[in-house]
Amino acid sequence: MKGREDRIPFNRPHMTGKELYNIANSHFEGRLAGDGPYTERCHRWLEKSTGARQALLTHSCTAALEMAALLLDIEPGDEVIMPSYTFVSTANAFVLRGATPVFVDIRADTMNLDESKIEAAITEKTKAIVPVHYAGVCCDMDRITEIAQDHDLAVVEDAAQAMMSSYRSRAAGTFGTMGTYSFHETKNIISGEGGALLVNDKRYCQRAEIIREKGTDRSRFFRHEVDKYTWQEMGSSFLPGELIAAFLWAQMEEAERIILDRKTSWAFYHHHLKNMEDQGCFKRPTIPAECDHNGHMYYLVFDHLEQRDKVMAHLNSKGIDAVFHYIPLHSSPAGQRFGRVSEAMVNTDRASQCILRLPLWVNMGWCQERVCDVLEDFFS
Ligand SMILES: *Cc1c(COP(=O)(O)O)cnc(C)c1O
């Protein structure tokens, strides 16, 4: 642990210590291309721990979202409902297929897609709903699933931040037609860059393998189900190399411990910041009763931008990296060009202006007390 004079970073990637051993093992065995033994272990672990029908590693969550758009045969003219308060990849994956993202406002409590505003955004062109589980807290999947069934729409869960989170005890990413995870360095379980596609509807399983392997049936060939492999349909290379999977496997083996540590840090903030919330300094995050989160993110919500920025500047001046989050997609140049808003984006704009994210990483130790102390000094 570094000394008190050092900056407290917003994120610090956690290594378990076994990553290099696994990578050396792959090196020794001469297994470098994708879909080797470590990839296989990661797939089985993901399927077992989530209950998804099929899990496939990808080189990013972005890639998994792009696979989902291909699998759903998204075409020019189609519309896809999603929040504007999200990362660009949620929209890009569908824009790449020529579709129009239709942005729906978020809820003021969880910052998740407001399920009560989805139906007003549905037209005869709508093909899918893409809920994003912000901060690892699940959207109202009961209602979203019901709306999707009523209107015959696919659901793609952008669960980039929500690996090992659950809704009514069921894993995030397993409610939709498909779900996607990210193993980017800034997420909970990491491989630098990395991701996974969870396929829950068996009609898409075989094509998912094909699209991921350059449009070929190489996966079946490897399983000796066909005696040669050929070009079957449109696809690309979405799989990570085996060294990435070797790294990731070390993380998966310790996933429970990593999540527990993050949740403990999350609870520490929540406990120690309660008084300041009671005094009206800011609001703490809301976790609905149906949701079990994964300690991905701790944030404060201020009344307005000026107050948020003042606190952010103060923390930064004390060596603490606290950061804001998304610039809403509907107000970004590409979002205006490719997408449209369904209705007013009141809560989206407010989240963009009023949220401040606090440092949260594994083994924070005294750094957490320091963050709380600096906040307390500011408000007293
Ligand atoms: C991180 C993130 C992504 C992108 O993940 P990559 O693995 O970096 O491609 C997509 N959506 C959301 C909501 C994210 O937080």
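The values are calculated or read from the model by the stated rules, or taken from the named source; none is laboratory data. These numbers come from a predicted model, not from an experiment. Note that we place each Cβ from the backbone using ideal geometry, even for glycine, and neighbour counts take in every protein chain shown. All accessible areas refer to the heavy atoms of the entire protein, side chains included, with ligands and DNA or RNA removed. Shrake-Rupley method; radii C 1.70, N 1.55, O 1.52, S 1.80 Å.
For His59, the accessible surface of its heavy atoms amounts to roughly 80 Å² (probe 1.4 Å, protein chains only, rounded to the nearest 10). Among Glu256, Glu47, Glu369, Glu19, the sequence by solvent-accessible area, most first, with a 1.4 Å probe is Glu256, Glu369, Glu47, Glu19. In segment 179-330, the portion of solvent-accessible area held by carbon and sulfur atoms comes to 53 percent [1.4 Å probe, whole percent, DNA, RNA and ligands not counted]. Under 23 Å of direct C-alpha separation, and excluding same-chain neighbours fewer than eight residues apart, Lys310 reaches these lysines: Lys274, Lys283, Lys318. Of the residues Ile190, His224, Ala172, the one whose Cα sits farthest towards the positive end of the charge dipole of segment 118-240 is His224 (charges of +1 on Lys and Arg Cβ, -1 on Asp and Glu Cβ, taken about the Cα centre). Using only alpha carbons, segment 236-285 has a radius of gyration to Kirkwood radius ratio (Rg to Rh) of 1.33. Using only Cα atoms, find the angle between the long axis of helix 61-71 and the longest principal axis of the chain, and express it within 0 to 90 degrees, rounded to the nearest 10. The helix 61-71 is inclined about 40 degrees to the chain. For segment 243-258, 3J(HN,Hα) computed residue by residue from phi via the Karplus equation (6.51, -1.76, 1.60; θ = phi - 60°) reads 5, 5, 5, 4, 4, 4, 4, 4, 6, 5, 4, 10, 4, 4, 5, 4 Hz, glycine and proline entered as x.
Counting only helical runs of four or more DSSP H residues, what would the 222 nm mean residue ellipticity of the chain come to if each run contributes -39,500 (n - 2.57) and the total is spread over all its residues?
Only helices count here, giving -11000 deg cm²/dmol.
Per-residue 3J(HN,Hα) values for segment 88-103, derived from phi via the Karplus relation 6.51 cos²θ - 1.76 cosθ + 1.60 with θ = phi - 60°, read 4, 5, 4, 7, 3, 4, 8, 4, 4, 9, x, 7, 9, x, 10, 8 Hz in sequence order (x marks Gly and Pro).
Magnitude of the charge dipole for the chain, about its Cα centre and with charges confined to Cβ atoms of Lys, Arg (+1) and Asp, Glu (-1), is about 680 debye. In this structure segment 188-281 gives 50 Å² per residue of accessible area when probed at 1.4 Å with all protein chains present.
Helix 19-29 and the longest principal axis of the Cα set of the chain meet at an angle near 20°. The loop-placed GluC sites (Glu not before Pro) in segment 49-142, going by DSSP, that have at most 11 neighbouring Cβ atoms within 10 Å of their Cβ come out as Glu124. Of the residues Ser60, His151, Thr110, the one whose Cα sits farthest toward the positive end of the charge dipole of segment 59-151, with +1 on the Cβ of Lys and Arg and -1 on the Cβ of Asp and Glu, is Ser60.
Here the dipole of segment 205-245 is about 40 debye; that uses its Cα centre as origin and unit charges on the Cβ of Lys and Arg (positive) and Asp and Glu (negative).
Restriction of the trypsin sites (Lys or Arg not before Pro) in segment 190-293 to DSSP coil positions whose beta-carbon has at most 12 other beta-carbons within 10 angstrom yields Arg223, Lys228. When both bridge partners sit in the chain, DSSP labels roughly 60% of those beta bridges antiparallel. Given +1 at the Cβ of Lys and Arg, -1 at the Cβ of Asp and Glu and no other charges, the dipole of segment 110-238 around its Cα centre is 460 debye to the nearest 20.
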